[in-house]
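Everything on this sheet refers to the single structure shown next.
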Amino acid sequence: MKSPESNNHKKMLKLLNDPKVQAWRAVMSTFEGVIELLEKQLSEQGIHISRFLIMFHLYFEGSLSAVELARKLRVTRGNISTFIKRLEADDQIEICASSPSESRPKYCLTDSASADFEPIFTNHAELVKKLIPGLSKDLKAKLEKI
């Protein structure tokens, strides 16, 4: 490990103390803390966060392909394939009737999965509203541009 007195270490500390880097660290720390609480709440409702996120995207965005889901969840196509198989086996998702391709199908929530998701999301949204302070429109717009 570099000596705390080295020039590189001093440069790194200067970067670490930059207000924008500190803001990023605060956002990441908040994200980690909130995710931990949300995972706990979801677990108490009998759902893992990865399942919740897939259901969230399919519920609010409609049909999505495995590749689209993998991108949104930032996982590999192999990982999403495993999730999809589990969700299909649990009758939570199905290939959409309007799927444009048999080789690259789009997936939809089943009616029962939509009904299951709604109270889970309601509880989730209530916890989020308690945890997260409101943001000004200006700050929200700036964060969304990043």
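Could you please find all residues in region 69-110 being acidic (Asp, Glu) and either more than 17 Å from Leu53 (Cα to Cα) or in contact with a Phe, Trp or Tyr (Cβ under 9 Å, 6 or more places away or on another chain) (or both)? Give the steps one after another, and end with the answer.
Of the residues in region 69-110, the ones acidic (Asp, Glu) are 88, 90-91, 94, 102.
Matches in region 69-110: Glu88, Glu94, Glu102.
Would you call Ala70 surrounded by 15 or more Cβ atoms within 10 Å (Cβ to Cβ), without any contact (Cβ under 8 Å) to a residue 40 or more places away in the chain, farther than 17 Å from Leu42 by Cβ and out of contact with any His (no Cβ under 6 Å at 6 or more places or on another chain)?
Considered against the rule, which asks whether it is surrounded by 15 or more Cβ atoms within 10 Å (Cβ to Cβ), without any contact (Cβ under 8 Å) to a residue 40 or more places away in the chain, farther than 17 Å from Leu42 by Cβ and out of contact with any His (no Cβ under 6 Å at 6 or more places or on another chain), Ala70 comes out as yes.
When you go through (1) more than 18 Å from the chain's Cα centre (by Cα); (2) closer than 28 Å to Ser29 by Cβ; (3) of a type in the set (A, V, I, L, M, F, W, C) one by one for Leu143, which number turns out not to apply?
Among (1) more than 18 Å from the chain's Cα centre (by Cα); (2) closer than 28 Å to Ser29 by Cβ; (3) of a type in the set (A, V, I, L, M, F, W, C), Leu143 violates only (1).
Got a sec? Which of Leu42, Leu53, Leu13 is under 25 Å from Leu143 (Cβ atoms), surrounded by 10 or more Cβ atoms within 10 Å (Cβ to Cβ), without any contact (Cβ under 8 Å) to a residue 40 or more places away in the chain and of a type outside the set (Lys, Arg)?
Leu53
Does region 24-32 contain any residue that is within 16 Å of Asn123 (Cβ to Cβ), within 13 Å of the chain's Cα centre (by Cα) and not acidic (Asp, Glu)?
No, because not a single residue in region 24-32 is within 16 Å of Asn123 (Cβ to Cβ), within 13 Å of the chain's Cα centre (by Cα) and not acidic (Asp, Glu).
For the structure I just gave you, tell me whether Ile47 is among the hydrophobic types (A, V, I, L, M, F, W, C), under 15 Å from Phe117 (Cβ atoms) and surrounded by 10 or more Cβ atoms within 10 Å (Cβ to Cβ). Don't jump to the end; show me each part of the working.
Details: among the hydrophobic types (A, V, I, L, M, F, W, C): yes; under 15 Å from Phe117 (Cβ atoms): yes; surrounded by 10 or more Cβ atoms within 10 Å (Cβ to Cβ): yes.
It is true that Ile47 is among the hydrophobic types (A, V, I, L, M, F, W, C), under 15 Å from Phe117 (Cβ atoms) and surrounded by 10 or more Cβ atoms within 10 Å (Cβ to Cβ).
No lab work stands behind these numbers, since they all come straight from the coordinates. All values reported here derive from a predicted model rather than from experimental measurement. Note: ideal-geometry Cβ built from the backbone for every residue, glycine included; neighbour counts use all protein chains shown.
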